[in-house]
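Enquirer: Before I ask anything, here is the structure I am working with.
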Amino acid sequence: AALGGKVLEQPRGKILGGSSALNYMAFDRGSKAEYDAWKKFGGDDWSWSGLLPYFKKSESVHAPKVTTPWNEPKTVDTSVNGVSGPVQISYNDWYSDITKPYLKTVNNLGIPLNLNPESGDATGVYNCKMSVDRTTGRRSYAANTYHKIASARSNYYVILGAEATKILTTGSSLKRDDAAVTDTAATDDAATSDATSDSATADSAARPSGVTATGVTFKVGSNTYTAKVKKEVVVSAGSLKTPQLLELSGIGNKSLLQKFGITPLVDLPGVGENLQDHVFVPSSFALKPGYTTLDILANDPAFAAAQNATYYTNGTGIYAATHSAFAFFDLQTFLPQATVTSLLNTAKADAADDGLNQLEKDGLDIQANSIQNTDLGQVEIIMYPGHFSPSPAVAGTSYISILMALQRPWSRGSVHIGSSNPTAPPVIDPKYLDNDFDLKVMTEAVKFARKIAQTEPLKSAVASFQDPAASVASDADFTAYVKDAIDPVYHPAGTAALGPRANGGVVDSRLKVYGTKNIRVADASVIPLEPASHLQSTVYAIGEKAAALILADNS
């Protein structure tokens, strides 16, 4: 509603390796306190110390090969970084010459350098590591790491082009009258479940035994197949598709399922709720001549061709580089404390009317406390050495773009089925900027981006404002620009959240779906409260922890 019905894209990876095949390759973590906050939802094992071994297990971090603008030591801190995991993590070999003046500028504005952001303090401006294998200059992701390793196993089989449509089950966690489908347009699934219920005794209906997964149906092209289950089903369809699959399988809000003729087997109103996502707004500034940014690939075809040859010959050069100057900082860095307090009061007032479940309320209470904790990031700056904004680039011009990203949105969205058709897309309502706190913080953040461009030494390198234009000057102007230019960072999380069932949780501390005996979830949807970071590293750690839980429970 805050964006006036604007539709935003939310790409997902329907490819071997999932979304790890198309993300921006950033590989960072949140701060220690952010993961420790998960204890409230999942117990002591869901904490910084409980996850650190799995962060390390997933990664193989390599020291910088060149002297970077941060001048990091060319070593790896093995107390917090893994060096023998599948995913290859590295630093860039190429950096734009606008990076040093940018770093000095944000330092002058109170954002210090951070040379070890994986240590548990992820604030400051740091050189973000990337999931890039420097031996080839190519993306290191789930397909060419975990899949490649597992493909040699006799018990591992991948079917390409397959889409899961339903988890087949026996049993129910509901009494028969609670599970009854009242919609007259009940599907075959409902009829099948009713027939099963009819054969059950009244005593078993009164004392539901829980749901056991027996198979998974999936489609390949126009054909439907069934895979039988011997032990468990692990759902890793992501924050947008995992809740859809659970609901199609009769696990979710009873009223919603009945609306679409699906027999409810487990009444879990938290399925599909608690959707969180980072959002960003870009600002671009044209640079004076003499700076080399990614724009050179469009401005100088001969240079681009030479670099392309270099990349395909030895995997180095500008085509093997990514943007990596990321900064995380508190609101007090760019706003007076009185303004921060006023914004927090706005956030609480707006949230009080949002009809949130207790898990969502608990998350917002933690967020409220984090706003007063100046050791945690609330906003991220992604410095992009090139053009990245709504209006087109001017030929022959180099740019610096400053992307302001909200890390702790107070808005909570949802994702649910819109029909019983398993191949129809889910209904995604992220409610971006729905809480006025989010809109006001993003407005102030974009104003801060302009302040950065007007602060030395970066000021001397900037020729003009591109987006927002120099004519954008009032708060109303900046707010309108935010609404027009906002986009998701593609970090959806939280829709099958870890947490107590009574509060709106979907999975328990061992990632098992409540009301089921052998269905787990292992993806970003279990994240109860999103950290101030890019999610790739966290999701790999969740996957590794899930694997350990499965092994322990089946040993």
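Enquirer: Relative contact order for segment 381-498: what is it in percent, counting Cα pairs under 8 Å that are at least 6 residues apart?
Expert: Result for segment 381-498 is 22 percent.
Enquirer: Can I ask one more? Where Rh is the Kirkwood radius over the Cα pairs of the chain, the temperature 25 °C and the viscosity 0.890 mPa s, what D in µm²/s does Stokes-Einstein return?
Expert: The diffusion coefficient I find is 99 µm²/s.
Enquirer: Next up: If you place +1 on the Cβ of every Lys and Arg and -1 on the Cβ of every Asp and Glu, how big does the dipole about the Cα centre of the chain come out, in debye to the nearest 20?
Expert: Dipole of the chain, to the nearest 20 debye: 1340 debye.
Enquirer: Students often get this wrong, so check it: of K39/K545; K228/K254; K361/K431; K100/K288, which have C-alpha atoms separated by over 18 Å?
Expert: Among K39/K545; K228/K254; K361/K431; K100/K288, the Cα-Cα distance tops 18 Å for K228/K254.
Enquirer: Specify the angular offset, from 0 to 90 degrees and rounded to the nearest 10, of the alpha carbon long axis of helix 358-372 from the longest principal axis of the alpha carbons in the chain.
Expert: The answer is roughly 20 degrees.
Enquirer: With unit charges on the beta carbons (Lys and Arg positive, Asp and Glu negative) and the dipole taken about the Cα centre of segment 48-155, which residue among H62, N114, Y146 sits farthest to the positive side?
Expert: Y146
Enquirer: If you filter segment 143-177 for chymotrypsin sites (Phe, Trp or Tyr not before Pro), then keep DSSP loop positions with at most 12 other Cβ within 10 Å, what is left?
Expert: Y156, Y157
Enquirer: Could you state the orientation-averaged shadow area of the convex hull built on the Cα atoms of segment 455-537, in nm² to one decimal?
Expert: Mean shadow area of the hull around the Cα atoms is 9.4 nm².
Enquirer: Sticking with this structure for a sec: Over all distinct alpha-carbon pairs, what is the Kirkwood Rh of segment 417-491 in angstrom?
Expert: 15.0 Å
Enquirer: Could you work out the pair-distance distribution P(r) of segment 1-139 from its alpha-carbon pairs, with 5 angstrom bin width and percents rounded to whole numbers?
Expert: With 5 Å bins starting at 0, P(r) equals 2, 8, 14, 17, 17, 16, 14, 8, 3, 1.
Enquirer: Over the Cα atoms of segment 278-373, Rg to Rh with Kirkwood Rh, two decimal places?
Expert: Ratio of gyration radius to Kirkwood radius: 1.23.
Enquirer: What number, in percent, do you get for the relative contact order of segment 303-419 if the mean sequence gap of Cα pairs under 8 Å and at least 6 apart is divided by its residue count?
Expert: 28 percent
Enquirer: May I have the pair-distance distribution P(r) for segment 310-438, computed from all Cα-Cα distances with 10 Å bins from 0 and rounded to whole percent?
Expert: Reading upward from the zero bin: 10, 27, 26, 22, 13, 2.
Enquirer: Under a Cβ-Cβ cut-off of 14 Å, what is the net charge of the residues other than V507 that fall near it, where Lys and Arg count +1 and Asp and Glu count -1?
Expert: In short, 0.
Enquirer: Leaving ligands, DNA and RNA out of it, work out the accessible area of D77 with a 1.4 Å probe and give it in Å² to the nearest 10.
Expert: Answer for D77: close to 60 Å² accessible.
Enquirer: Please give every one of the aspartates and glutamates within straight-line cross-link reach of K14, meaning a C-alpha to C-alpha distance under 19 Å, and leave out same-chain neighbours fewer than 8 residues apart.
Expert: E163, D523
Enquirer: Beyond a 26 Å Cα-Cα separation, which of these cross-linked pairs lie in this structure: K166/K517; K57/K129; K74/K459; K56/K166?
Expert: In this structure, K74/K459; K56/K166 exceed 26 Å between Cα atoms.
Enquirer: I'd like to check one number: the per residue accessible area of segment 66-186, probe 1.4 Å, reported in Å² as a whole number.
Expert: Result: 49 Å² per residue.
Enquirer: With the dipole of the chain worked out from charges on the C-beta (+1 for Lys and Arg, -1 for Asp and Glu) around the Cα centre, which of S342, I486, C128 lies farthest toward the positive end?
Expert: Most positive-ward Cα: C128.
Enquirer: Further question: Please grab the % of Cα pairs in segment 1-75 that end up more than 20 Å from each other.
Expert: 62 percent
Enquirer: A follow-up question, please. Residue farthest toward the positive end of the dipole of the chain, with Cβ of Lys/Arg at +1 and Asp/Glu at -1: which of T495, A532, G238?
Expert: G238
Enquirer: Next question, about the same structure. Take the alpha-carbon positions of segment 413-555, form their convex hull, and give its projected area averaged over all directions (one quarter of the hull surface) in nm².
Expert: The orientation-averaged projected area of the Cα hull of segment 413-555 comes to 13.0 nm².
Enquirer: Now for a different question. Could you tell me how many degrees, from 0 to 90 and to the nearest 10, lie between the Cα long axis of helix 436-453 and the main elongation axis, the longest principal axis, of the Cα atoms of the chain?
Expert: Helix 436-453 and the main axis of the chain meet at about 20 degrees.
Enquirer: For the chain, what's the relative contact order in percent, using C-alpha pairs closer than 8 Å and at least 6 residues apart?
Expert: Worked out over the chain, it gives 22 percent.
Enquirer: When the dipole is taken about the Cα centre of segment 405-451, and only Lys, Arg (+1) and Asp, Glu (-1) are charged at their Cβ, what size is it in debye, to the nearest 20?
Expert: 300 debye
Enquirer: Roughly what angle does helix 337-351 make with the longest principal axis of the chain, taking Cα atoms, 0 to 90 degrees, to the nearest 10?
Expert: Once rounded, one gets 20 degrees.
Enquirer: If each DSSP helix of 4+ residues adds -39,500 (n - 2.57) and the sum is divided by the residues in the chain, what number results at 222 nm, nearest 500 deg cm²/dmol?
Expert: The helix-only estimate for the chain comes to -8500 deg cm²/dmol at 222 nm.
Enquirer: Work out the length of the dipole vector of segment 218-353 about its Cα centre, built from +1 on the beta-carbon of each Lys and Arg and -1 on the beta-carbon of each Asp and Glu, and round it to the nearest 20 debye.
Expert: 620 debye
Enquirer: With just the Cα atoms of segment 360-403, tell me how far they stretch along each of the three principal axes, in Å, largest first.
Expert: 50, 22, 10
Enquirer: What Rg and what Dmax come out for segment 198-318 when only alpha-carbon atoms are used, in angstroms?
Expert: Calculated on Cα positions, Rg and Dmax stand at 26.5, 81 Å.
The values are calculated or read from the model by the stated rules, or taken from the named source; none is laboratory data. Every value quoted in this text rests on a predicted model; they were computed, and no experiment measured them. Neighbour counts are summed over all protein chains in view; Cβ atoms, including those assigned to glycine, are modelled from backbone coordinates with ideal geometry. Just the protein is used for accessible areas: all its heavy atoms, side chains included, with ligands, DNA and RNA removed. Shrake-Rupley method; radii C 1.70, N 1.55, O 1.52, S 1.80 Å.
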